[in-house]
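Structure, as structure tokens:
The values are calculated or read from the model by the stated rules, or taken from the named source; none is laboratory data. Bear in mind that the values here come from a model prediction, so they are computed numbers and not experimental data. Every residue, glycine as well, gets a Cβ built from its backbone with ideal geometry; the counts of neighbours run over all protein chains shown.
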Amino acid sequence: MAGPEAVAAPVLSVEDVSHSFGRRKALDGVSFAIPAGRFAVLLGLNGAGKTTLFSLITRLYNNRSGSIRVFGFDMRRQPSQALARMGVVFQQPTLDPDLTVMQNLRYHGGLHGLPRAVIEERAGEELSRIGLSDRAGERVRTLSGGQRRRVEIARALLHRPGLLLLDEPTVGLDVELRRLVLGHVHGLCRDRGLAVLWATHLIDEALPRDGVIVLHRGRVLASGLMEEVCAAAGAATLDESFARLTGMGRVR
């Protein structure tokens, strides 16, 4: 039996994962791990491989090399167990605009096999948390972009996952809405102990205590807490670190 000093297995473990589209290698030996309660920013320019990596983690693509594990469940051999423990917010909107907010949540909960009473209770809790209880009966198309994003996050949490993946979740949102969505997810990470993987090309979405994974042209150039990434790059800021690691100009 493991002693109290044993280190818990990571919530998400990606080891030596590569992926190609024909002759073009989109990912090359990608490895990193995220523990419970960690908000990790997957930082890379457009085309770095972030969406390809998300597609592998969510099994939209099959990973043919390396391994992806969620709470220890291997994505190739135990996909049902792995997928049941994650919630996903994709880059493209996925709510049905002609259904009401509550109908979207009920449909998602049903796909996960949740009893109707549980769906109603959890949906009510999540909508209250994001301040949209009064919009539950309205069609999604009447919501603003920021409100739709928050509903997508609420939907992703209905089945109580331990891992939340978000692919460029603030695209198209103004500065204030970006701040609200980012703060909401940080709160979930803090209050519920969620492991979060937040993919973005916007460097100001990474906060000082976050984990950072720098992905560039399909390869992980650095991974760790922000201060560790900066120290490894010999830089004072993440902006400068990114520029040094990638050889590219600073990103905003």
In the set G109, G47, G72, G66, the lone residue that is of a type outside the set (S, T, N, Q) and in contact with a helix residue (DSSP H, G or I) (Cβ under 8 Å, 6 or more places away or on another chain) is G109
Counting only residues that are in contact with a Ser or Thr (Cβ under 7 Å, 6 or more places away or on another chain) and either more than 25 Å from L245 (Cα to Cα) or surrounded by fewer than 17 Cβ atoms within 10 Å (Cβ to Cβ) (or both), how many does the range 34-65 have? 2
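Each row is one residue, and each column tells you yes or no for (1) of a type in the set (A, V, I, L, M); (2) crowded, with 20+ Cβ neighbours inside 10 Å; (3) in a loop (DSSP other than H, G, I, E, B).
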site	(1), (2), (3)
L164	yes, yes, no
L180	yes, no, no
G187	no, no, no
D191	no, no, no
V212	yes, yes, no
L215	yes, yes, no
S223	no, yes, no
A232	yes, no, no
Strands (runs of 3 or more DSSP E) within the range 1-87 that include 3 or more residues among the aromatic types (F, W, Y) and modelled with pLDDT of 95 or more: none
Criterion (closer than 30 Å to G172 by Cα, in contact (Cβ under 8 Å) with a residue 60 or more places away in the chain, surrounded by fewer than 19 Cβ atoms within 10 Å (Cβ to Cβ) and among the hydroxyl-bearing types (S, T, Y)) met by exactly one of S20, S31: S31
Which count do you get for residues in the range 193-206 that are surrounded by fewer than 18 Cβ atoms within 10 Å (Cβ to Cβ) and within 11 Å of the chain's Cα centre (by Cα)? 0
Quick check, is F39 among the aromatic types (F, W, Y) and touching a Leu at 6+ places or on another chain (Cβ under 8 Å)? yes
Residue that is surrounded by the fewest Cβ atoms within 10 Å (Cβ to Cβ) [pool: residues in the range 88-102 that are touching a residue at least 60 places away in the same chain (Cβ under 8 Å) and not in a loop (DSSP other than H, G, I, E, B)]: V88
Residue count, the range 66-83 (criterion: touching a residue at least 24 places away in the same chain (Cβ under 8 Å) and surrounded by fewer than 16 Cβ atoms within 10 Å (Cβ to Cβ)): 2
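Yes or no, residue by residue, for (1) under 30 Å from L45 (Cα atoms); (2) out of contact with any His (no Cβ under 6 Å at 6 or more places or on another chain); (3) free of Cβ contacts under 8 Å to residues at least 60 places away in the same chain; (4) of a type in the set (K, R):
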{"site": "E125", "(1), (2), (3), (4)": "no, yes, yes, no"}
{"site": "R135", "(1), (2), (3), (4)": "no, yes, yes, yes"}
{"site": "R155", "(1), (2), (3), (4)": "yes, no, no, yes"}
{"site": "L166", "(1), (2), (3), (4)": "yes, yes, no, no"}
{"site": "G183", "(1), (2), (3), (4)": "yes, yes, yes, no"}
{"site": "G193", "(1), (2), (3), (4)": "yes, yes, no, no"}
{"site": "H201", "(1), (2), (3), (4)": "yes, yes, no, no"}
{"site": "A206", "(1), (2), (3), (4)": "yes, yes, no, no"}
Regarding T170, is this residue surrounded by fewer than 20 Cβ atoms within 10 Å (Cβ to Cβ) and either under 24 Å from N46 (Cβ atoms) or hydroxyl-bearing (S, T, Y) (or both)? no
